[in-house]
Amino acid sequence: MPESALSDVINLIYAAATGDGAAWDDVAPRLCTLFGAQRVSLVLLEAPDRIRQVLGGGDDEYADAYAEYYHRIDPYRRLAEQHFRDPGMPRINVIVGDEIVPYSALTKSDYYADYARPAGFRYLLGGLPGAESFAPIGFSRDATSGPFSDADKRRLLTLLPHLQRALQLEKRLAIADRTHLGSGALDALAIAVVLVDRTMRILYANAAACRLMEGSQCGLAMLGSGPCPGVGDVRLLARHPDDQSTLVKLVADATAGGSGGAFRLRTTRDEPARNAQLAVLVSPALTHLFSRQIDGYGVAPGAAMLVVRQLNRGWLPPPSLMSELYGLTKAEAEVALRFSGGATAEDVARHRQVSLDTGRTQVKTILRKTNAASLRDLERIIAISSAILPAAS
């Protein structure tokens, strides 16, 4: 298997995570080809009773059956979680199925009799990309394809850090429509985004990043001269020397084909690390974020992207934006924002000093107008909306 095939899949993963001319449905068949598998699955647990099939979903009857029921009794998933959460294990690691559930034990389970055997699953290769929530990726082969090899395990170990970074980017850059998320669209984000080259020269900084770095109480600074902020011979610098060292290492990794990383950045040189209030995610830069034309999709060679978020900021959209986006009245918008953070209908009714029946009526109206399936789904919608700056602020 040529190394270029692995690089192409890594590019495709980043493209799917940001809507750069690709979707997760495009990634699944390429991954199956790369690993000689019949099926790949990546499942995110969005709520106790709801999962999201990032890979392996669609109209497939087995994917639907897994999402509806079999993920609950999947012995691989349950025991793999124990394995991956073992503090003695690396955060990113790979296992084959028999290391988790011996085949002799698997064949005695309802999962095997009712699901795995009819679906033709015999050999499993799995890994955890070190994501913020437990999100294992699994590949399966039938009996005729044979077991996964050590080369397959090494290939997956190379892939996992990039998958982790892509999932983090998808979450950090969560806006309603990512189909054309170019450099212009980044200025509409409330979250700071900076593109740099391997020498820390700033290639682009969105409006939120420029605002963040204008004051002296920011752990990042733009130094140098140029025609306007963030453009020209301007370098990005972390004010704390230890943070600068970390930043340079992660940027060097991301610009050299690695996946980068994340760390907390201190506001000033004297601030203790435990009080750091900026979260920085460093990843390979993506081609469609540049104004100049770069052939293909995915990763832009020699460039890194920093997504910076203030940890001590609530990041709730103003009620006026919720009204504008979803047609909520001012009162309904204020009620909707109360649910961010896990509040219940009873909590909101008590705070607003209205009856529970009145509160529940408002909740039904809000869910209908926002097309939310539940209060927790409403939280997700609010989080997405918070990434968009209001037209007038």
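Coordinate-derived values only; no laboratory data. None of the values given here were measured: they were computed from a predicted structure. For neighbour counting, all protein chains shown are included, and Cβ atoms are generated from backbone atoms with ideal geometry for every residue, glycine included.
Worth a mention:
- Here the gap between T344 and K171, fully extended at 0.36 nm per residue and compared with their Cα-Cα distance, gives a gain of 59.8 nm.
- Stretchable slack from S4 to L356, in nm (0.36 nm times residue separation minus alpha-carbon distance): 120.7 nm
- Local electrostatic count at R122 - Lys and Arg +1, Asp and Glu -1, tallied over other residues with Cβ under 13 Å: +1
- Within the shell of other residues whose beta carbon sits under 12 angstrom from the beta carbon of L356, the net charge comes to 0, with Lys and Arg scored +1 and Asp and Glu -1.
- The Y69 and S374 beta-carbon pair, evaluated with R₀ = 22 Å, returns a calculated FRET efficiency of approximately 0.70.
- Förster radius 30 Å - calculated FRET efficiency between A143 and D25 (Cβ-Cβ, nearest 0.05): 0.65
- 13 Å beta-carbon shell around M213, net charge (K/R +1, D/E -1): +2
- Spin-label model, K249/D270: points 7 Å from Cα along the beta carbon direction are separated by 2.7 nm.
- Using the Cβ-Cβ distance between E334 and L44 with R0 set to 35 Å, the FRET efficiency from 1/(1 + (r/R0)^6) comes to roughly 0.70.
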